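The values are calculated or read from the model by the stated rules, or taken from the named source; none is laboratory data. Keep in mind that this is a model prediction, so the values were computed, not measured. Here the Cβ positions follow ideal geometry from the backbone for every residue, glycine too, while neighbour counts run over all protein chains shown.
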Amino acid sequence: MGVSQDKAGFAEFFTASWDPCLRVVAASTGNMMLAEDQTAEAFARAWASWDKVSRHPAPRAWVVRTALNAGASWWQRHSRETALASHDIATADSWGTGLDTAVLTALRRLPARQREVIVLRVLLDLDIDTTARQLGIAPGTVRAHQSRAMTALRSELATTTTEIER
């Protein structure tokens with residue numbers, strides 16, 4: 001495969017994948033600016049390894065996993081910083097994720113692994129086996145995390161809906 005074919009293939013992938021990957025990373029991190037940085041970093045790494053990434057069974061999942069890993073590294077480096085209480089959530093509805101603010105808030109309250117499973121399975125529409133490979137866990141563990149996360153989300157969103165109706 002020539003360089004021009006590589007560039008064309010990556011350009012098509014980037015155009016089709018940027019928005020879905022950004023939405024998944026934003027929903028997972030709860031911080032749009034950080035999600036944009038992490039997603040850009042992941043796409044840069046994808047371009048640098050495009051020969052390998054283009055043959056990956058789920059290239060979008062590779063980008064999302066790489067972005068989330070970049071975020072984990074960022075948090076390790078900046079762990080002493082103090083977050084503002086509601087700074088990120090206040091602008092969540094303007095992110096263009098297509099998700100309601102209450103859903104994003106509920107996602108942020110999930111444990112990290114459950115949140116990762118939900119964003120990969122539901123938002124990126126990966127199957128259980130691909131999700132398991134991306135997270136380095138067993139398919140049964142993916143099912144367990146997804147079940148627990150969905151139960152927690154239903155409960156929290158039902159409570160939010162009840163409070164709104166009052």
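When restricted to residues that are part of a helix (DSSP H, G or I), surrounded by fewer than 17 Cβ atoms within 10 Å (Cβ to Cβ) and among the basic types (Lys, Arg), region 50-61 contains 1. Residue 82 satisfies every condition listed in (1) surrounded by fewer than 12 Cβ atoms within 10 Å (Cβ to Cβ); (2) modelled with pLDDT of 90 or more except (2). Condition check for residue 96 on (1) outside any helix (DSSP H, G or I); (2) modelled with pLDDT under 90; (3) more than 17 Å from residue 18 (Cβ to Cβ): one failure, at (3).
Yes/no per residue for (1) of a type in the set (D, E, K, R); (2) outside any helix (DSSP H, G or I); (3) in contact with a strand residue (DSSP E or B) (Cβ under 9 Å, 6 or more places away or on another chain); (4) more than 23 Å from residue 21 (Cβ to Cβ):
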site: 115; (1), (2), (3), (4): yes, no, no, no
site: 122; (1), (2), (3), (4): no, no, no, no
site: 152; (1), (2), (3), (4): no, no, no, yes
site: 159; (1), (2), (3), (4): no, no, no, yes
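Pairing each residue of region 33-49 that is farther than 15 Å from residue 15 by Cα and surrounded by 19 or more Cβ atoms within 10 Å (Cβ to Cβ) with any residue that is at pLDDT below 90 and not aromatic (Phe, Trp, Tyr), provided the two are 6+ apart or on different chains, yields C-beta distances under 6 Å for 35/25; 35/26; 35/29; 38/25; 38/70; 38/71.
Condition check for residue 137 on (1) in a helix (DSSP H, G or I); (2) modelled with pLDDT of 85 or more: one failure, at (1). Report yes if residue 7 is modelled with pLDDT under 90 and farther than 23 Å from residue 115 by Cα, otherwise no. Judged against the criteria, residue 7 is a match. Close Cβ contacts (under 6 Å, 6 or more residues apart or on different chains) running from residues in region 145-159 that are modelled with pLDDT of 90 or more to residues that are loosely packed, with under 12 Cβ neighbours inside 10 Å are absent.
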